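*Asks:* Shown below is the structure under consideration.
The values are calculated or read from the model by the stated rules, or taken from the named source; none is laboratory data. No experiment lies behind these values; they were computed from the predicted model shown. In this analysis, Cβ positions are derived from the backbone assuming ideal geometry, glycine residues included, and neighbour counts consider all displayed protein chains. Note: accessible area is taken over every heavy atom of the protein model, side chains too, but ligands, DNA and RNA are not part of it. Shrake-Rupley method; radii C 1.70, N 1.55, O 1.52, S 1.80 Å.
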Amino acid sequence: MDTGDTAWVLTSAALVLLMTPGLAFFYGGMVRSKSVLNMMMMSLGAIAVVGVLWVLVGYSMAFGTDVGAGLLGKPFEFFGLDGLLAADSLAGKIPSTVFVAFQAMFAIITVALISGAIADRARFGPWLLFAGLWALLVYFPVAHWVFDFDGKDEAGNVIDPGGWIANKLLAIDFAGGTAVHINAGAAGLALAIVLGKRVGWPKDRMKPHSLPLVVLGAGLLWFGWFGFNAGSALGANGLAGVTFVNTLVATCAAMLAWLAVERVRDGNATTLGAASGVIAGLVAITPACSSVTPLGAIAIGAITGALCALAVSLKYRFGFDDSLDVVGVHLVGGLSGTILIGFFASSSAPAGIDGLFYGGGVDQLWRQAVGALAVLAYSFVLSLILGYLVKLTVGFRADAEAEVAGIDEAEHAETAYEFGSGLGSRSGSKSSVAAGGTAVLEGSNKS
């Protein structure tokens, strides 16, 4: 065991967990004030459901002994992490439990990302049911495909086969462009189709109720993403340094590109656009951060930032209500970042592969495309089936009255902002203290 590597991966795991509350702020600020709590609870609920499932069977399905063809690990091999708690149980140079914890955070954030596509109209209980089913049948198998590398002996012989995308297809996905972002984006598209359009969409303008919350969420996501990407090096080493720098510069380039598109197209560079550009850049560099130079990272970030800024309008053209642009940012951004590896990969980067622009031909390009499209198709079809299953059995969507009045009240019996009779009211102050709340000045935007 290497204590430095262990410390870095533990820190990175904590950073990645922080991303999910950050996502709750990001998504919560983008919805109307009457549904902000429901939006945040969908992210918090994902932590609870996926965290339990991961320890029971998720880790085994993703990293257990392959049951054949690189499709799935044995579901009950490490049930309850049995056999992984011993001091000498290692994953590389870190304790097995540290690796378990780090990968758990990826499973959690992936499920939480989907919720943005169905904001303002999904019931909380059915969402938790879908989240659990989707994690079991979609995320855990795909994580095995992408993240479980062959175990080899000292002579280089494979003694523990892993997933087919990582080991047979040899597509590069360093930290989850396919397993996380394409996976979640395809599921978001499927659920947007299953639940249908929000009441009044697209005629009514449904503006974000709190851009400061959006910026706070984007900042927390960016901060945590360094653990997401650099932590995937699984060590405090040069690879972590390269992925850290690439994550920084790709995100900066994507934000600038998004703002440029807005300025040319709409005449204004917006705060929401800046925050969205940050996320687009982070999504794009996630699969590529180990295989490109910083110049390649800037190119991938700029291209993806512009593409995503244009792609968010696709929902109006095709008529699917992707509330918070999960499809436009995560699906399109994940596809862009994954496929652009085939163009911008450089053998001078740690992955050691040359793409088309560096003399490597199309060999890596087709591998990237096949891996991306396979995950997209699998996730979309299974998500569509699971979404309709939940809809037809327990009901997925809130009724129209609850949606119009405020889904926070209907689902959680709470509101994010209580506007009483004013700070000068003695009775208002007493009721506020009794409720454990804080008096809030009137004048905020209405739902």
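*Asks:* What residue, of Leu216, Leu239, Leu248, is out of contact with any helix residue (DSSP H, G or I) (no Cβ under 7 Å at 6 or more places or on another chain), outside any loop (DSSP other than H, G, I, E, B) and over 30 Å from Phe318 (Cα atoms)? Even if it seems obvious, please write down each step before you answer.
*Replies:* Numbers: Leu216 fails: out of contact with any helix residue (DSSP H, G or I) (no Cβ under 7 Å at 6 or more places or on another chain); Leu239 fails: out of contact with any helix residue (DSSP H, G or I) (no Cβ under 7 Å at 6 or more places or on another chain).
Step by step, each of Leu216, Leu239, Leu248 is checked, and only Leu248 is out of contact with any helix residue (DSSP H, G or I) (no Cβ under 7 Å at 6 or more places or on another chain), outside any loop (DSSP other than H, G, I, E, B) and over 30 Å from Phe318 (Cα atoms).
*Asks:* Given the conditions (1) in contact with a helix residue (DSSP H, G or I) (Cβ under 9 Å, 6 or more places away or on another chain); (2) open to solvent by 10 Å² or more (accessible area, probe 1.4 Å), and given that Val194 satisfies all but one, which numbered condition is not satisfied?
*Replies:* In the conditions (1) in contact with a helix residue (DSSP H, G or I) (Cβ under 9 Å, 6 or more places away or on another chain); (2) open to solvent by 10 Å² or more (accessible area, probe 1.4 Å), Val194 misses (2) alone.
*Asks:* Do any helices (runs of 4 or more DSSP H) entirely within region 44-158 hold 3 or more residues that are open to solvent by 20 Å² or more (accessible area, probe 1.4 Å), closer than 25 Å to Gly224 by Cα and touching a residue at least 24 places away in the same chain (Cβ under 8 Å), and if so, which?
*Replies:* Numbers: elements: 59-63, 96-114, 124-134, 140-147.
The qualifying helices (runs of 4 or more DSSP H) are 96-114.
*Asks:* Is one or more of the residues making up region 190-212 more than 30 Å from Glu401 (Cα to Cα), outside any helix (DSSP H, G or I) and not charged (D, E, K, R)? Outline the logic, then answer.
*Replies:* Taking region 190-212 and keeping what is more than 30 Å from Glu401 (Cα to Cα), we get none.
Within region 190-212, none of the residues are more than 30 Å from Glu401 (Cα to Cα), outside any helix (DSSP H, G or I) and not charged (D, E, K, R).
Residue by residue, here is whether (1) over 26 Å from Thr20 (Cβ atoms); (2) touching an Asp or Glu at 6+ places or on another chain (Cβ under 8 Å); (3) surrounded by fewer than 21 Cβ atoms within 10 Å (Cβ to Cβ) holds:
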{"site": "Gly277", "(1), (2), (3)": "no, no, no"}
{"site": "Gly281", "(1), (2), (3)": "no, no, no"}
{"site": "Ala284", "(1), (2), (3)": "no, no, no"}
{"site": "Val292", "(1), (2), (3)": "yes, no, no"}
{"site": "Gly319", "(1), (2), (3)": "yes, no, yes"}
{"site": "Leu324", "(1), (2), (3)": "no, no, no"}
{"site": "Val332", "(1), (2), (3)": "no, no, no"}
{"site": "Ser348", "(1), (2), (3)": "yes, no, yes"}
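*Asks:* Now a separate question. State which residue is nearest to Val146 (Cα to Cα) when the search covers only region 364-397 and only residues that are among the small types (Gly, Ala, Ser) and surrounded by fewer than 23 Cβ atoms within 10 Å (Cβ to Cβ). Quick ask: steps written out before the conclusion?
*Replies:* Looking only at region 364-397, we keep the residues that are among the small types (Gly, Ala, Ser), and these are 369, 371-372, 374, 377, 379, 383, 387, 395.
Those left that are additionally surrounded by fewer than 23 Cβ atoms within 10 Å (Cβ to Cβ): 369, 374, 377, 395.
Working: Ala369: 14, Ala374: 11, Ala377: 15, Gly395: 33 Å.
Only one residue tops the list, namely Ala374.
*Asks:* Taking region 120-157 on its own, how many of its residues are closer than 20 Å to Phe63 by Cβ and out of contact with any strand residue (DSSP E or B) (no Cβ under 6 Å at 6 or more places or on another chain)? Break it down stepwise before answering.
*Replies:* Looking only at region 120-157, we keep the residues that are closer than 20 Å to Phe63 by Cβ, and these are 132, 134-153, 157.
Next, only the ones that are out of contact with any strand residue (DSSP E or B) (no Cβ under 6 Å at 6 or more places or on another chain) stay: 132, 134-143, 145-149, 157.
The number of residues fulfilling the criteria is 17.
*Asks:* Which one of these is within 29 Å of Leu170 (Cβ to Cβ), among the aliphatic types (A, V, I, L, M) and either in contact (Cβ under 8 Å) with a residue 60 or more places away in the chain or open to solvent by 10 Å² or more (accessible area, probe 1.4 Å) (or both): Ala302, Ala297? Outline the logic, then answer.
*Replies:* Working: Ala297 fails: either in contact (Cβ under 8 Å) with a residue 60 or more places away in the chain or open to solvent by 10 Å² or more (accessible area, probe 1.4 Å) (or both).
Exactly one of Ala302, Ala297 is within 29 Å of Leu170 (Cβ to Cβ), among the aliphatic types (A, V, I, L, M) and either in contact (Cβ under 8 Å) with a residue 60 or more places away in the chain or open to solvent by 10 Å² or more (accessible area, probe 1.4 Å) (or both), namely Ala302.
*Asks:* Looking only at region 13-39, filter to residues that are out of contact with any Pro (no Cβ under 9 Å at 6 or more places or on another chain) and of a type in the set (Val, Ile, Thr); which one of those is nearest to Gly217 (Cα to Cα)?
*Replies:* Of the residues in region 13-39, the ones out of contact with any Pro (no Cβ under 9 Å at 6 or more places or on another chain) are 13-28, 33-39.
The next check asks that each one be of a type in the set (Val, Ile, Thr); those that pass are 16, 20, 36.
Values: Val16: 13, Thr20: 9, Val36: 13 Å.
Restricting to residues being out of contact with any Pro (no Cβ under 9 Å at 6 or more places or on another chain) and of a type in the set (Val, Ile, Thr), the top hit is Thr20.
*Asks:* Show the residue pairs that are 6+ apart or on different chains and have beta-carbon atoms under 8 Å apart, the first residue being within region 313-341 and over 24 Å from Ala297 (Cβ atoms), the second being surrounded by 20 or more Cβ atoms within 10 Å (Cβ to Cβ) and of a type in the set (Val, Ile, Thr).
*Replies:* Listed by first residue and then by second, the contacts come to Leu314/Val327; Lys315/Val327; Phe320/Val327; Ser323/Val31; Ser323/Ile118; Leu324/Val31.
*Asks:* Would you mind telling me which numbered condition in (1) within 23 Å of Ala230 (Cβ to Cβ); (2) without any contact (Cβ under 8 Å) to a residue 40 or more places away in the chain Pro287 fails?
*Replies:* (2)
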